[in-house]
Amino acid sequence: VRCSSSVSSLPRSHRLTSSFSHQSPPPFPQPLSTLSQLEQATEAGPPSTMSSSVSVVRIPPYKYIHVLDTNTNVTRVICGPKTYTKQDHEHLVCGPEAMITVPPRHYCVVRNPVVIDDEGRPVQDDYGQFKLRFGDSEIRMVDRYPDPFPLYPGEACVGPPTELRIVKQNTCLKLRALRPFTDGDVEREAGDEWHFTGPGTYVPRVDVEEVALIDARIVRHGQALRIRARRSCHDSYNHKREAGEEWLVREAGAFLPGPDEEICGEVQAVILTDKKALHLQATRNFTDVYGVERKAGEEWLVKSSMATSHLVDVYERKIGETSLTTLSNRQYCVVVDPVIDGVQRLATRQLRKGELSFFLQPGESLENGIQDVQVLADDEALLLSAREAFVDADYVDVVDGEAQAPIDIARQPGDCWMVYGPCEYVPPVMVDVLERRQAIPLDENEGVYVRDNRTGAVSARVGTTYMLKPTESLWEKELPDEVEQLLAVQAHGQSYVVPAHFGGESWDDVGGSKRRRRRAPATGAGAGAGAGGDDAVVGRDKSRVVTFRVAHNSACQIYDYKSKSSRVVFGPDLVMLEPDEDFTVLRLSGDKPKRPNVIKNLTLMLGPDFMTDVVTVETADHARLNLTLSYNWHFDVDATDADANRIFNVRDFVGDACKAIASRVRGAVAAESFDNFHKFSAKVIRTSVFGLTPEGKVRDNLVFPANSLVITNVDVQSVEPVDERTRESLQKSVQLAIEITTDSQEAKAKHEAKREAELAMGRLERQKLQNQAQAESQRKSLLLLRAESAAVETQGQAKAEAAALADASRISGQADVEQAKLRAKAASIENSARLQMLQAQHAEEIAHQRLSTSWS
């Protein structure tokens, strides 16, 4: 093999200089990272650091140079220490270069290594060129190359020497064969993978690739690793595994997967206690860790008696955790589809009574959960029904409240009977509990409707505690909505209802109950106590006997649809409806003027009461007037009369009476002029309504014989013209009369106020004069006192001159004291007078102002 490289082709940076021997060794060549760089390095040889013009090359120890013989075109290696004289036909290719030194426990990789013979010498061809293994690599270690070695022409060192990899304990190195070779006693094929397990030092090979360093997975107590085979192999425990097969590694400690194994994940153990079991399902046929063969789809429980914890296997699917079902001595349950002796009995039921604890097996379920033992008091009973035929042993019947002797009764499917208290009862699986019944306590004014399910007859049980029989049930009496409304309204204190379209109350059906909204009730006949308060929700137990309190001085009509007869109840009384009875709803006229069907009520007020109506009349001179009339009325009826029902003969007695009276009033007013009617309106109306006696006097009342209604009085509340111009003229005349009266009263008040003011001024002036006279009188007294003081002073001076200087001083002092007292007294008198004068003056001014204010 000939080297085709030449000195001129080497880069300038690789050439030697003349001073190379005095320089430090060049840096170690960097590894070649790419294939193209490796080929360039192989063709060009080692880099040169000295110029080819140098003829003498000094080679230090452990360095080498490559010299090209241009005659033979062969490159040879010259190692130091040596001084080499270059011939004319020779060229220095590279060098001096440092030899490759491999430290202990290191290795280096040489690309395109030279061929070595059996004696360890490089092989040359016939031309003296070194033979190379192109495209191959060689790993050189200190055991074969203890001394530094040069690189032959064409060789390349890939990177600096690398330390041997130390594989620690609980780790392994995954290796892959790049080409077939023999590894000890094992024949490796290209692509084979195996593990080098630590602890140890891995010596690399050129035909082996390092894939990855794998750390061991720590399997703790209560954990497991899920392993899958990537291909058919033997696992770490030398078990035969097929490709894709999965298994669990349960042993605690470090685990290193094999080269054909992969870890899919971790499995945590489920802790099992006395109160918790694990519900599992098999995904395929296999034998579990407890040695039990499982079929695909089979379900079972793992309990604490089998293991304290359980790792869900690869062929097991966790359905859930089942809690312990515990029954006390007062509880029982019914298990549907029970497992008996390891076999599930489908479509069967099993009764289990406490005290008992158990786990529900897969497929089992509780019917209605855990139930308490039925404890019946002496006023309670259970209605039972047979699901299938059986013999009811030791059945105790109750007749008229007394327990009979126990007997055995054969029950057929569908039979119904009752178990009476006091007792404890646990129903067997052949029996259904339809309902729990309790005796209904009833006062003498209370009752319930009861239907016999065999005959359909409905009756009312009133006034005694009643327990339904097995063939009886409560019957709900339906009433019309308006009757329900009237009953609810009376319960809230209102005696009648005004419909919503007349401004009354509206009702909404919300969730099966009635909600009442208050509105202002209209004025009309039979108006009693008004209803008030917030919205209320009204509900009625339809199985209870309907009761209605008929108020005092009122009557209620009840119709029996079965016997087709009616009865009248006079208040105060309590009405209790039989199953076939219903109330007669009264619809009366109301509002002003009267309109039909405004007021609904269940009772008819007997009076006395009043009703108001507005009647439009026209006088003889065609003046139209609106009359507001109020009538006092009552029913002349006795509750003991046989024909007391006649008060209900007229459907709307309010409308009928108002129409009759309005007709009489219109006829009477039509014969009168406006002026005459305006003066004698009350007389004209009373005469028209009541009529005259043969003696010419107005009658006392008006009687309607059809229903015994009596009108006792007519009150004219207002008379208003219908015509607008007539109304304005009447208003102007009334306003003018009011203004005249007001002006007259105002003038009189002004005159009276002026007179009162003059009197007050006179009293004030007189008081001022009196105050001045009193002041002069006090001033006169002051002057007299001053004169007396002067006289005393003169007398004292004379005595002083005559007696002695000491007496004069004493008298002078006494005089001064006396004079000061007199001055103080005078000042007090003067100030009192002045104060009295001011008080009098202020009192007169205040009185004057009050009079002025009252006049104004």
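For region 537-590, a residue qualifies if it is assigned to a strand (DSSP E or B) and of a type in the set (Val, Ile, Thr), and the qualifying residues are Val537, Val538, Thr547, Val550, Ile558, Val568, Val569, Val575. Pairs linking a residue in region 361-380 that is small (Gly, Ala, Ser) to a residue that is part of a strand (DSSP E or B), with Cβ atoms under 6 Å and 6 or more positions apart or on different chains, are Gly363/Gln344; Ser365/Val336.
Can you name the residue in region 461-502 that is more than 21 Å from Asp591 (Cα to Cα) and aromatic (Phe, Trp, Tyr) and is also modelled with the highest pLDDT among such residues? Residue satisfying both the conditions and the ranking: Trp475. Regarding Pro608, is this residue open to solvent by 20 Å² or more (accessible area, probe 1.4 Å), closer than 27 Å to Arg567 by Cβ and not aliphatic (A, V, I, L, M)? Judged against the criteria, Pro608 is a match. With the structure loaded, tell me whether Ala269 is out of contact with any Ser or Thr (no Cβ under 6 Å at 6 or more places or on another chain), small (Gly, Ala, Ser) and free of Cβ contacts under 8 Å to residues at least 60 places away in the same chain or whether it fails that test. For Ala269, the condition - out of contact with any Ser or Thr (no Cβ under 6 Å at 6 or more places or on another chain), small (Gly, Ala, Ser) and free of Cβ contacts under 8 Å to residues at least 60 places away in the same chain - is not met. Quick check on region 703-722. Is at least one of its residues in a helix (DSSP H, G or I) and touching a strand residue (DSSP E or B) at 6+ places or on another chain (Cβ under 7 Å)? Scanning region 703-722, I find no residue that is in a helix (DSSP H, G or I) and touching a strand residue (DSSP E or B) at 6+ places or on another chain (Cβ under 7 Å), so the answer is no.
Okay, residues lined up against (1) at pLDDT below 90; (2) farther than 30 Å from His634 by Cβ; (3) of a type outside the set (Lys, Arg); (4) open to solvent by less than 70 Å² (accessible area, probe 1.4 Å):
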residue: Arg451; (1), (2), (3), (4): no, yes, no, no
residue: Ser459; (1), (2), (3), (4): no, yes, yes, yes
residue: Gly504; (1), (2), (3), (4): yes, no, yes, yes
residue: Trp507; (1), (2), (3), (4): yes, yes, yes, yes
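Of the residues making up region 341-370, those that are within 23 Å of Glu321 (Cβ to Cβ) and over 42 Å from the mean Cα position of the chain (by Cα) are Gly342, Gln344.
When restricted to residues that are surrounded by 12 or more Cβ atoms within 10 Å (Cβ to Cβ), among the polar types (S, T, N, Q) and either under 28 Å from Thr616 (Cα atoms) or touching a helix residue (DSSP H, G or I) at 6+ places or on another chain (Cβ under 6 Å) (or both), region 730-776 contains 3. Apart from one condition, Thr308 fits all of (1) of a type in the set (Val, Ile, Thr); (2) over 30 Å from Lys276 (Cβ atoms); (3) open to solvent by 70 Å² or more (accessible area, probe 1.4 Å); the exception is (2). Cβ-Cβ contacts under 7 Å between residues 6 or more apart (or on different chains), taken from a first residue in region 239-262 that is among the aromatic types (Phe, Trp, Tyr) to a second residue that is open to solvent by less than 50 Å² (accessible area, probe 1.4 Å) and not in a strand (DSSP E or B), are listed as Trp247/Val314; Phe255/Ala216. None of Arg624, Arg666 is surrounded by fewer than 18 Cβ atoms within 10 Å (Cβ to Cβ), farther than 29 Å from Cys556 by Cβ, without any contact (Cβ under 8 Å) to a residue 60 or more places away in the chain and charged (D, E, K, R) except Arg666. Restricting Phe690, Phe680 to those that are over 17 Å from Gly607 (Cα atoms), more than 60 Å from the chain's Cα centre (by Cα), open to solvent by 50 Å² or more (accessible area, probe 1.4 Å) and hydrophobic (A, V, I, L, M, F, W, C) reduces the list to Phe680. Look at (1) out of contact with any Gly (no Cβ under 8 Å at 6 or more places or on another chain); (2) surrounded by 10 or more Cβ atoms within 10 Å (Cβ to Cβ); (3) farther than 30 Å from Lys592 by Cα; (4) not β-branched (Val, Ile, Thr) and you find that Ala815 fails only one, number (1).
The number of residues in region 177-228 being closer than 30 Å to Val312 by Cα and of a type in the set (Lys, Arg) comes to 4. Can you name every residue in region 406-440 that is touching a residue at least 40 places away in the same chain (Cβ under 8 Å) and open to solvent by 60 Å² or more (accessible area, probe 1.4 Å)? Hits for region 406-440 are Cys416, Pro422, Glu424, Leu434, Glu435, Arg436, Gln438. Exactly one residue among Glu844, Glu801 is in contact (Cβ under 8 Å) with a residue 24 or more places away in the chain, surrounded by 11 or more Cβ atoms within 10 Å (Cβ to Cβ), in a helix (DSSP H, G or I) and charged (D, E, K, R), and that residue is Glu844. Counting only residues that are surrounded by 12 or more Cβ atoms within 10 Å (Cβ to Cβ), touching a Phe, Trp or Tyr at 6+ places or on another chain (Cβ under 9 Å), without any contact (Cβ under 8 Å) to a residue 60 or more places away in the chain and among the hydrophobic types (A, V, I, L, M, F, W, C), region 178-231 holds 8 of them.
Of all residues assigned to region 351-358, none qualifies as being touching a residue at least 24 places away in the same chain (Cβ under 8 Å), part of a strand (DSSP E or B), farther than 30 Å from Ile319 by Cβ and touching a strand residue (DSSP E or B) at 6+ places or on another chain (Cβ under 9 Å). If the condition is being open to solvent by less than 80 Å² (accessible area, probe 1.4 Å) and either more than 30 Å from Leu602 (Cβ to Cβ) or touching an Asp or Glu at 6+ places or on another chain (Cβ under 8 Å) (or both), then region 469-479 contributes Pro470, Thr471, Glu472, Leu479.
Can you spot a residue in region 190-202 that is among the small types (Gly, Ala, Ser) and over 28 Å from Ala216 (Cα atoms)? No, the conditions are met nowhere in region 190-202. Only a single criterion out of (1) modelled with pLDDT of 90 or more; (2) of a type in the set (Val, Ile, Thr); (3) over 54 Å from the mean Cα position of the chain (by Cα) is not satisfied by Thr640, namely (1). The condition of being at pLDDT 90 or above, surrounded by 17 or more Cβ atoms within 10 Å (Cβ to Cβ) and closer than 30 Å to Ser729 by Cβ does not hold for Leu577. Of all positions in region 271-283, at least one carries a residue that is part of a loop (DSSP other than H, G, I, E, B) and either polar (S, T, N, Q) or closer than 22 Å to Val433 by Cβ (or both). Going residue by residue through region 276-294, is there one that turns out to be without any contact (Cβ under 8 Å) to a residue 40 or more places away in the chain, surrounded by 18 or more Cβ atoms within 10 Å (Cβ to Cβ) and among the small types (Gly, Ala, Ser)? Looking through region 276-294, at least one residue is without any contact (Cβ under 8 Å) to a residue 40 or more places away in the chain, surrounded by 18 or more Cβ atoms within 10 Å (Cβ to Cβ) and among the small types (Gly, Ala, Ser). State all residues of region 80-104 that are outside any strand (DSSP E or B), open to solvent by 50 Å² or more (accessible area, probe 1.4 Å) and farther than 26 Å from Asp143 by Cα; if no residue qualifies, say none. Passing the criteria: Gln87, Asp88, His89.
The values are calculated or read from the model by the stated rules, or taken from the named source; none is laboratory data. Nothing here was measured: the structure is a model prediction, and the numbers come from that model. Note that each Cβ is placed from the backbone with ideal geometry, even for glycine, and that neighbours are counted across all protein chains shown. The area values use the complete protein model at the heavy-atom level, side chains included, leaving out ligands, DNA and RNA. Shrake-Rupley method; radii C 1.70, N 1.55, O 1.52, S 1.80 Å.
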